[in-house]
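The values are calculated or read from the model by the stated rules, or taken from the named source; none is laboratory data. Keep in mind it's a predicted model, so treat the numbers as computed, not measured. Heads up, the Cβs are rebuilt from the backbone with ideal geometry, glycines too, and the neighbour counts pull from every protein chain shown. These area figures cover heavy atoms from the full protein model, side chains too; ligands, DNA and RNA do not enter into them. Shrake-Rupley method; radii C 1.70, N 1.55, O 1.52, S 1.80 Å.
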Amino acid sequence: MVYFTYEIVRLLANHPHFGITMMTADRKAGRSIGSVFPHLMAQDLPAMVAIKDADFSDVDAVFCCLPHGTTQEIIKSLPKQLKIVDLSADFRLRNIDEYEEWYGLPHKAPELQKEAVYGLTEVSRDQIRNARLVANPGCYPTSIQLPLVPLIKAGLIELRNIIIDAKSGVSGAGRGAKEANLYTEISEGLHSYGITKHRHVPEIEQGLSDASHSKVTVSFTPHLMPMSRGMQSTIYVEMAPGVTIDDLYQKLLSTYEDEEFVRLLEKGAIPHTRHVRGSNYCFMNVFQDRIPGRAIIISVIDNLVKGASGQALQNLNLMLGFPENIGLNYQPLFP
């Protein structure tokens, strides 16, 4: 979660209405943000404090970037007037039994779970505007649900045999020292993980089931790529009887033609992660498979921005009544 923290600080640097009045930390309490992330040293920010010493009297809203399993009790203890966007997974799953099954811990704030709004901005904008607590989506679920939800709602694709092959930059695995994330383990190769049991599976299936009003089960396999940031989901679907690839394209076009941060590319153009790097954009497109009746959807995001901190800021803008693009007009970095 630590990468999400610094991305929020970076994005807020150009926000005309939001200022950072407090930052909390655990082991690094008492230090400046610049001593932990030197690229932020030019910003004039308060030193980080331990959560137990935090004073929320001058705070209107909170971004919570704590590890999964630690967020629920802390948010439960925060003043009730605060607007909160939680970037952990602790409030994403409505079913608390399902949360315990996938995360191995009992839910510690079931009363707050009933209040939490799942924050996929382009899908749940009206609910987010009126929310106090927003569960910010995971990166993989964001890249997957944005193209699939409109197609499922319109009945254009079958609910069976949805296959998702997704790839992420190594920043998606966090900053902690782990053997599997060492340079020599990741570089010059492809690293599959979480096969059949990745914790984003129930979140993906919850969103797709909501769209279809029936249970949807998917095949999902994530991979780490030897790059710092970026995410691509390649999704294989069966089209409903009588549906053509142009029907899928036109539905995505009509859904997102007025959206600032979700862009359907021209027919035939292939989305690439390098074209959204550092931005809050999701680029997507749909292609006819060689197998009759099947389609291939490609969706790309920056896993740290649209997949986490950018979407979190987009949500807080909505919650506080500001245009949702404020502070998010960074153009992609290329090369």
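Here are some notes:
- Set side by side, the residues THR71, THR24 differ, and just one is among the polar types (S, T, N, Q), under 21 Å from THR121 (Cβ atoms) and in contact with a strand residue (DSSP E or B) (Cβ under 9 Å, 6 or more places away or on another chain), which is THR71.
- Condition check for LEU313: touching a residue at least 40 places away in the same chain (Cβ under 8 Å), open to solvent by 40 Å² or more (accessible area, probe 1.4 Å), outside the structural domain of ARG263 (by TED's automatic domain parsing) and not aromatic (Phe, Trp, Tyr): no
- Once the range 227-260 is narrowed to residues that are in a helix (DSSP H, G or I) and free of Cβ contacts under 8 Å to residues at least 40 places away in the same chain, the residue that is least open to solvent (accessible area, probe 1.4 Å) is TYR249.
- Listed by position, the helices (runs of 4 or more DSSP H) contained in the range 130-226 that have at least 2 residues being touching a residue at least 12 places away in the same chain (Cβ under 8 Å) and assigned by TED's automatic domain parsing to the domain that holds THR273 are 139-153, 201-212.
- Taken over the range 129-175, residues that are surrounded by fewer than 16 Cβ atoms within 10 Å (Cβ to Cβ) and either aliphatic (A, V, I, L, M) or under 26 Å from PRO67 (Cβ atoms) (or both) amount to 4.
- Candidates are the residues of the range 281-302 that are over 19 Å from LEU159 (Cα atoms) and free of Cβ contacts under 8 Å to residues at least 40 places away in the same chain; the one that is most open to solvent (accessible area, probe 1.4 Å) is ARG290.
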